[in-house]
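Student: Following this message is one structure expressed as structure tokens.
Each value in this text was obtained by applying a stated rule to the coordinates, not by laboratory testing. Just so it is clear, the model here is predicted, and its values are computed rather than measured. For neighbour counting, all protein chains shown are included, and Cβ atoms are generated from backbone atoms with ideal geometry for every residue, glycine included.
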Amino acid sequence: MSEQVIVRVEKLTKTVAHDSGALTILHDISFAIKSGESVAIVGPSGSGKSTLLGLLAGLDTPSSGAVSINGESLFVLDEDARAGLRGRLIGFVFQSFQLLPMLTALENVMLPLELLGGGNARHRATDILERVGLQQRMRHYPKQLSGGEQQRVAIARAFVTQPALLLADEPTGNLDSTTGGTVIELLFALNRERGTTLLLVTHDPALAQRCGRSLNLAAGRMLEERA
Amino acid sequence: MKLALRLLAREWRAGELTLILSAVVIAVAAITTVSFFTDRVHQALTTQASQLLAADLVLISDHPIPVQFADRASAAGLMLTRTLAFPSMVVAGQRNQLAEVKAVSPGYPLRGELSVSRTLFGPAEIVNSGPQPGTAWADARLMQMLGLKVGAVVEVGQANLTVVAVIAKEPDRAGDFFNIAPRLMLHSDDIARTQLIQPGSRVNYRLLIAGDARQLAAYRAWAEPHLSRGERIEDVRDARPEIRSALDRAQRYLGLAALVSAILAAVAVALSSRQFVTRHLDSCAVLRCLGASQATIFRIYLIQFILLGLAASAIGSLAGYGGQALLAEFMRGRIVDQLPAPSLWPLLEGLSIGLLLLLAFALPPLMHLKSVSTLRVLRRDLGMPRQMGMASYALGAALVAGVLIYRAGEVKLGLYVLGGLLGVVLGGLILGLLMLRVLALLRRRARGVWFYGLANAGRRRAASLTQIVGFSLGLMALLLLTLVRGDLLASWQSSLPPNAPNRFVINIQPDQLSALQQFFRRENLDEPILYPMVRGRLVAINARPVLAQNYAEERAQRLVEREFNLSWADRTRSDNHLVAGRWWRGGDAPDQFSVEEGLAQILGIKLGDRLTYEIAGTPVSGHVTSLRKVEWDSMRVNFFVIAPPALLQAQPATYITSFHLPPGHEETLNRLLRQFPNFTVIDVAAIMRDVRAIMARVSDAVTFVFLFTLLAGLVVLYAAVAATRDERLYEAAIMRTLGARSKQLAAAQLIEFAVLGMISGVLAATGASVTAFMLTQQVLHLPFAFNPWVWVAGVLGGMLGIMLAGLMATRSVLRVPPLGVLRSLS
């Protein structure tokens, strides 16, 4: 695998205004992730894991510090340019799936391809839905799917653009252990097949174990790095 | 209660109440602004029109008016003065002339302008009161007939009076031009000296009253049951038919505008209540998990809504008060110099309508909220309770129907508009479903942003349909106002064109016709149309004698007591419309009459009845073979009863004509009278100027109220779009996460708004056209002009309006960082 750094985080701090003054959610976080790695961000609730992941995807802006993806500094870009970068480089899987309710499973998966403007969206989306085992459910709307199925659609949607980096926020958090297990298998299998870099936030020690290394957060600070 | 308050405070802090609060505030502000404003404009117009009566209300009697009427008016703080009028010979040297003598008391006129000139045809000046005791004013006709000059002395009965001025304009001089004698005006103190008022004298006593509209209404309500034989009470509508229809139509239009503002308000409140309830599904599920009973949940939200409704309605009412004050300031001098102060009634009205609307639309979904599944805490995809579709709006719709009819101020108007709205709702559901089907087909072929725009428009059917119906109702209301306004203004313009006749000539003898036509040619005036006139008394209907005491209505009694002006004609005129029967043709029997429909109604005359007139001592009979509708406000010569030439030609007749004399050509009249000394010229130019000024002001008022309602409509459309802001924020955040750029999001939204706007526009234009047709025909009695542009305006206006309102309401969708949105809404 290439040794190239795909994610570089430098002195990242996020502070929000609160009734009792400023609340610092992330303190001075720095780390780097190489291409092809799989990394878990672990820590108790409220430690800032999801905020960190959101910042890595450019879904929010930090108070200070920098993040670069594939050498492109994220926060010198405006929101539109960040959206463009996400479309090209990043896939995202949410704990609560976040499928668009008015679109079928197939349409949800086609969405990122169409936003990029590439051709063949229907074909590529069909392929990957077959790969996640949903060939029978492609024309169903999210509300007609079980939680596990919805998450598989979300994973298909995240991988369909062949992103260099896949970010997953508690991907099994809303699923029972059996379904969660199936979803994890799928996530890692696709990660292997497509050579994606995987960065996931999880509570689940078993899931963290399967990653190459873990970044441990507590109260917004990076405690240690565990290989 | 405490819990409800605490929760309300928390929700307020969390910004959860902003949308519903602003919808109610906007709705109530729109309703109250229109209410306040139309209330004031209506008062102003009535005051303006009252100038033609010299008062707001007149009590008329053929005997001295009982003192209780004046006492009661004084006690109510109303202004009053008296006039009395009677026919009498006025003598000047060797000449005498029958004149209509009018004695006025100090204070006359209470409304309008009295102006006089110091020489015959000299410049006029406005005066504040009538002639001083010992003096008299004569009108130009009397001056000419008696050969008077200012300063001359005339005898009226036993009194000698010095004529000190020529009456140029007398505000309440109008009405039956053909029967009036020239005027001599004197002070009421001089009446006793004339010794003309004896038992049995034909005297017309008038008590003129003016003041605050509500006091007047109360006074009239008190006075009417106290009237005895020979007494009647009139306002400008009763006295001046040419003004009545304009005022009535304007008032109905203002009622329609008030109605439309209520419709817009209802739509906004309905849509935002829906959003509020959707957002509270989770809280309800959680409250139930925490042990709250269904009744507790219902109580909590009921209290919240009542408090919310009260607060929002109060703010809205105050905003409405401020809004109309600004509007009135802006309009100062355009309708009248100063609008009368608004009454406080609209404030109360706004408050109660706001609360009612909120409860009407929020309660039914609330009933469903309490039955939300507790499972929702586990499975968010358990959406709205099943029944919460269009059906839950049924109660709201019923309450709103009540509010609408109340607002229209007239059941018929309210019902027609309500029918139109119902049609749009039904049509909206059917057509909306159909179009969504088509969209579903189209979206399979569409690509890129088009695909998402169409997918958004075709999102969950119930929500889309609700939006389409909401938009259509709002648009329809606005289009309806536009259409009816156009018809109204067009009818006013056509009723009094600039070259409408402003002089009448009566008493033309048959042997003078060709000489008169030559005179007009010589003077370069359009050749006049001459109408024959035969005077006759109606003596029998179907061989039954016509007696005044057979009629209950006073107007009917007066009509049968006097002589009618009958005429003959071969053909019907373009400004007379047959409403029943048919016009005579060559070869028909000559014994036929065509009767004006209003007269037929008052006297109980039906098609086929045989009427007998006594003309110069001879009975002349004929069957009623047609009924005509006459435009009395056109100021042209018109007749209640017309016969074929063969029936009346042999009777003694004079001729009458009307013509337009351009300003500055008054000298023509003197030449006319020199050549034909027996003619009487009646000048209605001043009256027409007044009528025209009032029409122009009524048009202005209608336009202003229209523009304001349009503005309120846009604001409400904005609120309606804002009601779907959450869904849009959420979907946009996901799209952004997946790499969508602002342009792509904006384009998808614009496409969605455009499609919704287009569907709504088609529906709204159709609904508005049908309703406008019904209203113009049945309520406003105007000709309906079919206007294909309303579809173009509806579709374009719908698309642009909703796109604009949509972009304004959802611009934050494009700005907010996606993470925050996903966290707060998922």
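Student: Taking the simple approach of a point 7 Å from Cα along Cα-to-Cβ for both B:Leu429 and B:Leu310, what is their distance in nm?
Tutor: My value for the distance between the label points is 3.6 nm.
Student: Each label point is 7 Å from the Cα along the Cα-to-Cβ direction; what then is the distance between the points at B:Gln601 and B:Trp789, in nm?
Tutor: Computed distance between label sites B:Gln601 and B:Trp789 equals 3.3 nm.
Student: Which semi-axes, in whole Å and largest first, does the equivalent ellipsoid of the range B:107-147 have when worked out from the alpha carbon gyration tensor as the square roots of 5 times its eigenvalues?
Tutor: 20, 13, 9
Student: What is the dipole size for the range B:79-210, taken about its Cα centre, with +1 at each Lys and Arg Cβ and -1 at each Asp and Glu Cβ, in debye to the nearest 20?
Tutor: Once rounded to the nearest 20, the dipole reads 80 debye.
Student: Same structure, new question: For the range B:503-681, with only Lys/Arg (+1) and Asp/Glu (-1) charged at the beta-carbon, what is the dipole magnitude about the Cα centre, in debye rounded to 20?
Tutor: Computed about the Cα centre, the dipole is about 180 debye.
Student: Another question about this same structure. Can you tell me the FRET efficiency between B:Arg571 and B:Ile65 if r is taken as the Cβ-Cβ distance and R0 is 35 Å, rounded to the nearest 0.05?
Tutor: 0.15
Student: How much length would be gained if the chain were fully extended between B:Ala616 and B:Ala213, taking 0.36 nm per residue of separation minus their Cα-Cα distance, in nm to one decimal?
Tutor: Length gained, B:Ala616 through B:Ala213: 140.3 nm.
Student: Continuing with this model, one more query. Shielding by partners for A:103-113, please: the mean number of other protein chain Cβ atoms within 10 Å of each residue's Cβ.
Tutor: Average neighbour count from other chains, rounded to a whole number: 3.
Student: Whole-Hz ³J(HN,Hα) for each residue in the range B:639-651, computed from phi via Karplus 6.51 cos²θ - 1.76 cosθ + 1.60 with θ = phi - 60°, x for glycine and proline: what do you get?
Tutor: 10, 5, 10, 10, 10, x, x, 4, 6, 10, 3, 7, 7
Student: For the range B:503-681, state the semi-axes of the equivalent ellipsoid (square roots of 5 times the eigenvalues of the alpha-carbon gyration tensor), sorted largest first and rounded to whole angstrom.
Tutor: Each semi-axis is the square root of five times an eigenvalue, giving 31, 17, 16 Å.
Student: DSSP loop (so not H, G, I, E, B), at most 10 other Cβ within 10 Å: list which chymotrypsin sites (Phe, Trp or Tyr not before Pro) in the range B:732-790 pass both filters.
Tutor: Taking the range B:732-790 and a limit of 10 other Cβ atoms within 10 Å, the loop chymotrypsin sites (Phe, Trp or Tyr not before Pro) found are B:Phe786.
Student: Shifting gears a bit: Can you compute the modelled spin-label distance between A:Ser63 and B:Leu707, with each label point 7 Å from Cα toward Cβ, in nm?
Tutor: Modelled inter-label distance: 5.2 nm.
Student: Test of understanding: extend the Cα→C-beta vector of A:His203 to 7 Å, then name every residue of the range A:64-94 with backbone N under 18 Å from that spot.
Tutor: It comes to A:94, nothing else.
Student: Next up: Please enumerate, by chain and number, the lysines with C-alpha under 26 Å from the C-alpha of B:Lys629, excluding those fewer than 8 residues away in the same chain.
Tutor: The reachable lysines, counting only those whose Cα sits under 26 Å from B:Lys629, are B:Lys412, B:Lys606.
Student: Additional query: What do you get for Rg/Rh over the range A:5-226 if you use C-alpha atoms and the Kirkwood form of Rh?
Tutor: Dividing the radius of gyration by the Kirkwood radius yields 0.96.
Student: Once you have all Cα-Cα distances for the range B:53-203, histogram them in 10 Å bins from zero and send the whole-percent values.
Tutor: Taking every Cα pair in the range B:53-203, the percentages come to 11, 42, 36, 11, 1.
Student: Using unit Cβ charges (K, R positive; D, E negative) and no other charged atoms, how large, in debye to the nearest 20, is the dipole of chain A about its Cα centre?
Tutor: 380 debye
Student: Once the dipole of the range B:564-672 is set up with Lys and Arg at +1 and Asp and Glu at -1 on Cβ about the Cα centre, which of B:Gly622, B:Asn638, B:Phe564 lies farthest towards its positive end?
Tutor: Result: B:Gly622, furthest along the dipole toward the positive end.
Student: Once every DSSP H run of n ≥ 4 in chain A is given -39500 (n - 2.57) and the sum is divided by its residues, what mean residue ellipticity at 222 nm do you get, rounded to the nearest 500 deg cm²/dmol?
Tutor: -10500 deg cm²/dmol
Student: Here is a further query. Among the GluC sites (Glu not before Pro) within the range A:1-97, which fall in a DSSP loop and have no more than 16 other Cβ atoms within 10 Å of their own Cβ?
Tutor: Answer in residue order: A:Glu3.
Student: Using only atoms on other chains, find how many Cβ atoms lie within 10 Å of each Cβ of peptide A:76-89 and report the average.
Tutor: Per residue, the number of nearby Cβ atoms from other chains is 4 on average.
Student: Work out, step by step, the length gained on full extension between B:Asn507 and B:Lys743: first 0.36 nm times the residue separation, then minus their alpha carbon distance; give nm to one decimal.
Tutor: 77.0 nm
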